[in-house]
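Trainee: Sharing a structure below in structure tokens format, with a few things to ask.
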Amino acid sequence: MTSPATLLSQSEDAISIWRSRRRLFSPPVQYKQHRRVPRRPLYYVSHRGTLSEPPRSRTKRLFDVTSATCALIILSPLLAAIGIAIKLTSPGPIFFTQNRYGHLNQRFRIYKFRTMHVHLGDAFGVKQTIANDPRVTSIGRFLRRTSLDELPQLINVVTGDMSLVGPRPHVPGMQAASTLYENLVPYYFQRHTIKPGITGLAQVSGCRGSTASADQAISRVDYDLDYIERWSLWLDVKIIWWTIRHELLSARAD
């Protein structure tokens, strides 16, 4: 007779395998301006196409390159002004670069405007930023609050390392609740089956800032996989609009 301990172990293994292969469904993206409550998606098996299919991936890539190139041209005066402000307010480079996980776990160098003091910054990015973080410069607080520090990632989009919309790229060794993400979420690396994005479904659904608990980490990954399952060009447009309206213009980003 199989012991209870063995049955429990086999059940846990089966659940992990099932979760690693599941697809996600949730209602259309909504953004509540005054109350953001992360959703927990329902699990189901889907036969819909994915972004790995050439017609869908080519459509997304064309949209990314066209939009990012136009944005870089239109925003070039703003980008120059931010660069000058950074140089005038703290010593160090204008840009901050760092290794991040990209498509299929390939690592790439991400570009951001530098928002921290050079001598206090976290070169590996494992330590998450907290409220009133002393490492952040005065101009850096404004850039983070408005998400303007992310604008140089338009270069990453043009070069093909990133997309406008997708799971946010994590640093290797990223932790939540003092535990590696991949240990907290067995299906964590499924979020890397597409290119990472400047913004994503998780961000416009309220999952921003530091991740203090395992539940928060799981919710973020679930949103990322939900986006991969439900992708459409119209969903990308909506997420970009929500990001500009509620994060950048309202200065609500963390």
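Trainee: Among the residues of segment 197-223, write down those that are closer than 16 Å to His246 by Cβ, modelled with pLDDT under 90 and of a type in the set (Gly, Ala, Ser).
Mentor: Within segment 197-223, Ser205, Gly206, Gly209 qualify.
Trainee: Just to be sure I understand the filter: pairs with C-beta atoms under 9 Å, separated by 6 or more residues or on different chains, first member in segment 178-189 and surrounded by fewer than 18 Cβ atoms within 10 Å (Cβ to Cβ), second member part of a loop (DSSP other than H, G, I, E, B). Which pairs pass?
Mentor: Leu180/Gly173; Leu180/Met174; Glu182/Met174
Trainee: Filter segment 139-151 for residues that are touching a Ser or Thr at 6+ places or on another chain (Cβ under 9 Å) and crowded, with 19+ Cβ neighbours inside 10 Å and give the result.
Mentor: Matches in segment 139-151: Ile139, Gly140, Leu143, Arg144, Ser147, Asp149, Glu150.
Trainee: Name the single residue that is nearest to Thr146 (Cα to Cα) among those in segment 184-235 being within 16 Å of the chain's Cα centre (by Cα) and basic (Lys, Arg).
Mentor: Among residues in segment 184-235 that are within 16 Å of the chain's Cα centre (by Cα) and basic (Lys, Arg), the one nearest to Thr146 (Cα to Cα) is Arg208.
Trainee: Let me ask something additional. Considering only residues that are in contact with a helix residue (DSSP H, G or I) (Cβ under 9 Å, 6 or more places away or on another chain) and of a type in the set (Gly, Ala, Ser), which ones fall in segment 56-105?
Mentor: Ser67, Ala68, Ala71, Ala85, Ser90, Gly92, Gly102
The values are calculated or read from the model by the stated rules, or taken from the named source; none is laboratory data. All values derive from a computational prediction rather than experimental measurement. Cβ: placed from backbone, ideal geometry, glycine included. Neighbour counts: every protein chain shown.
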